[in-house]
1. Could you do me a favour and compute the accessible area per residue for the protein assembly as shown, 1.4 Å probe, result in Å²?
2. What size of dipole, in debye to the nearest 20, comes out for chain A about its Cα centre when the only charges are +1 on Lys and Arg C-beta atoms and -1 on Asp and Glu C-beta atoms?
3. Along the positive direction of the dipole of the protein assembly as shown (beta-carbon charges: Lys, Arg +1; Asp, Glu -1; about the Cα centre), which of A:Y35, A:G53, A:A94 reaches farthest?
4. Round to a whole number: what % of the accessible area of region B:1-55 belongs to carbon and sulfur, probe 1.4 Å?
5. What order do you get for A:90-100, A:75-85 when each peptide is scored by the mean count of other beta carbon atoms within 10 Å, highest first?
6. How fast does region A:4-110 diffuse by Stokes-Einstein, in µm²/s, taking the Kirkwood radius from C-alpha pairs at 4 °C and 1.567 mPa s?
7. List the relative contact order of chain B as a percent without decimals, with contacts defined as Cα pairs under 8 Å and 6+ residues apart.
8. Along the charge dipole of chain B, Cβ charges K/R +1 and D/E -1, which of B:F15, B:G111, B:N30 sits furthest on the positive end?
Amino acid sequence: GQQVMQIPQYQHVQEGEDFTTYCNSSTTLSNIQWYKQRPGGHPVFLIQLVKSGEVKKQKRLTFQFGEAKKNSSLHITATQTTDVGTYFCAGGGAGSYQLTFGKGTKLSVIP
Amino acid sequence: DAMVIQNPRYQVTQFGKPVTLSCSQTLNHNVMYWYQQKSSQAPKLLFHYYDKDFNNEADTPDNFQSRRPNTSFCFLDIRSPGLGDAAMYLCATSRPSGGRDLAGWHTQYFGPGTRLTVL
């Protein structure tokens, strides 16, 4: 079945440094989504990418979807303590409304 | 505000004592999902309903059952909880919007979760 690998598992950064998490799927995806889960909270939808090579920005967050629609990345510029949490990518297959979640990247920001 | 609500937020049960977790939604979404999330792990899909159609994941233990009496409500029943079932249980909804590649086809809206403790 479809597998979504996400790295790194943990990332500790100094406040102000950049952060990137990467996602790779074993199969071509119809779309990829990113979710953020704060400590003790639930996953919250951030964004969805559907087009090959798509790049979307949300303030300091930049999301990319690979040309082959099998990989994706989330980049945060100049991290802040409010960015702390676990970031999950989740891939959707063609014709399916289910998502396959990556294992997540837990981001810690040192003030 | 439209939302996904889960009750209770915290549930303590005894080993082997049946427990029911509740989810309700005001989004009028077709699909409702139940996930199990253990500490520092990704959400693991247990099953989902597309309208009244129930879809079980192959590796979901028989101990876990679900009911969806109407569009708004979905229940997770754990018939005989074991220590290994202690986890956060997340309910989510989505509304496949016709056309497989339209934005919003897959977006899932999660409830706050119920943290289950098994003593």
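1. So the protein assembly as shown comes to 48 Å² accessible per residue, rounded to a whole number.
2. Here chain A has a charge dipole of around 240 debye.
3. Most positive-ward Cα: A:Y35.
4. The value for region B:1-55 is 48 percent carbon and sulfur by accessible area.
5. A:90-100, A:75-85
6. It diffuses with D of about 95 µm²/s by this estimate.
7. 36 percent
8. B:F15
The values are calculated or read from the model by the stated rules, or taken from the named source; none is laboratory data. Computed from a predicted model, the values in this text were never measured in an experiment. Don't worry about glycine lacking a Cβ; one is built from the backbone with ideal geometry, like all the others, and counts go over all protein chains shown. These area figures cover heavy atoms from the full protein model, side chains too; ligands, DNA and RNA do not enter into them. Shrake-Rupley method; radii C 1.70, N 1.55, O 1.52, S 1.80 Å.
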